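What follows is a set of notes on a single structure, which appears directly below.
The values are calculated or read from the model by the stated rules, or taken from the named source; none is laboratory data. Small disclaimer: the values here were computed from a predicted structure and weren't measured. Heads up, the Cβs are rebuilt from the backbone with ideal geometry, glycines too, and the neighbour counts pull from every protein chain shown.
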Amino acid sequence: MKYKINKPILEEEYLQPINLLRWRKTSEEEDILKEFLVQNEELSEEDFYKTDAANGKFVRCRFLHCNFEKASFVDVIFDHCDLSNSSFSEAYFSRCEFRSCKCMGTDLHETILKHVLITECQFSYANMSGVFLEKAQMQQSDFTEAAFVESRYKSWTAIGCKFIRTNFFHTMLRGFDFSENEMSDILVSDSMEEVQGCKISAVQALEAARLLKMKVM
């Protein structure tokens, strides 16, 4: 990794425990969720459209089928959370971390991810189409059958991740390094223009040859 990811800026000793659902019901539209600690909260099908959150942590929360469309998260940590099948479409993340989170089927299409670290997370079947990644890193995370259709990035690395049957249709991966990840049966266009110029290991070269219907001697 040739670039530095800025970590979330927050002072954990000053975080205030809150109930997220109660906060939403009592807050004004322009209010910002700030310097917060949300722990062990379980919500389903709740609406947090355009919520602004800054300098806080979500710990061991379950937000299932919730709506965070166009929300903003700055200096926020998600720690051991389950966000499966929730929508974060067109959301904004800056200096955020996802630690050991479950995001199966989570909708992140057209989100912006800047200075974001994803570690030991499950993103199978997640929709990350149209995302923009800038200084993002993924470690030991699973993106099996996730969709990165027509996504863009400036600086994006992955180490120890799974990209199995992941859809990269019209996402240009020139310069992206797959060599330290598990990669197989990825989906690209017939021209395979998406994977031109990406870095792969010797073992992954066999997979590339299979995609090209070539015989390796």
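Return the residue satisfying two criteria in turn: it lies in region 14-67 and is among the polar types (S, T, N, Q) and part of a loop (DSSP other than H, G, I, E, B), and of such residues it is farthest from Asp79 (Cα to Cα).
Pass one, region 14-67, residues among the polar types (S, T, N, Q): 16, 19, 26-27, 39-40, 44, 51, 55, 67.
Pick out the ones that are also part of a loop (DSSP other than H, G, I, E, B) and you get 19, 27, 40, 51.
Numbers: Asn19: 16, Ser27: 24, Asn40: 11, Thr51: 19 Å.
Of everything passing the filter in region 14-67, Ser27 is farthest from Asp79 (Cα to Cα).
Here Val38 meets each of (1) of a type in the set (Val, Ile, Thr); (2) under 24 Å from Tyr153 (Cβ atoms); (3) touching a helix residue (DSSP H, G or I) at 6+ places or on another chain (Cβ under 6 Å) with one exception, condition (2).
Let's see how each residue does on (1) over 27 Å from Phe169 (Cα atoms); (2) in a loop (DSSP other than H, G, I, E, B); (3) at pLDDT 95 or above; (4) out of contact with any Leu (no Cβ under 7 Å at 6 or more places or on another chain):
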{"site": "Pro8", "(1), (2), (3), (4)": "yes, yes, yes, yes"}
{"site": "Phe98", "(1), (2), (3), (4)": "no, no, yes, yes"}
{"site": "Gly105", "(1), (2), (3), (4)": "no, yes, yes, yes"}
{"site": "His109", "(1), (2), (3), (4)": "no, yes, yes, yes"}
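Quick grid of which residues meet (1) touching a strand residue (DSSP E or B) at 6+ places or on another chain (Cβ under 6 Å); (2) on the phi > 0 side of the Ramachandran plot:
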| site | (1), (2) |
| --- | --- |
| Phe68 | no, no |
| Ser72 | yes, no |
| Tyr92 | yes, no |
| Ser100 | no, yes |
| Lys114 | yes, no |
| Cys121 | yes, no |
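Determine if region 22-34 includes at least one residue that is of a type outside the set (Ser, Thr, Tyr), buried (at least 21 other Cβ atoms within 10 Å of the Cβ) and without any contact (Cβ under 8 Å) to a residue 24 or more places away in the chain. Yes.
With the condition being surrounded by 13 or more Cβ atoms within 10 Å (Cβ to Cβ), among the aromatic types (Phe, Trp, Tyr) and in contact (Cβ under 8 Å) with a residue 12 or more places away in the chain, I'd like the strands (runs of 3 or more DSSP E) fully within region 151-197 carrying at least 1 qualifying residues. Walk me through how you get there before you give the answer.
Details: elements: 152-159, 162-164, 182-184.
Qualifying strands (runs of 3 or more DSSP E): 152-159, 162-164.
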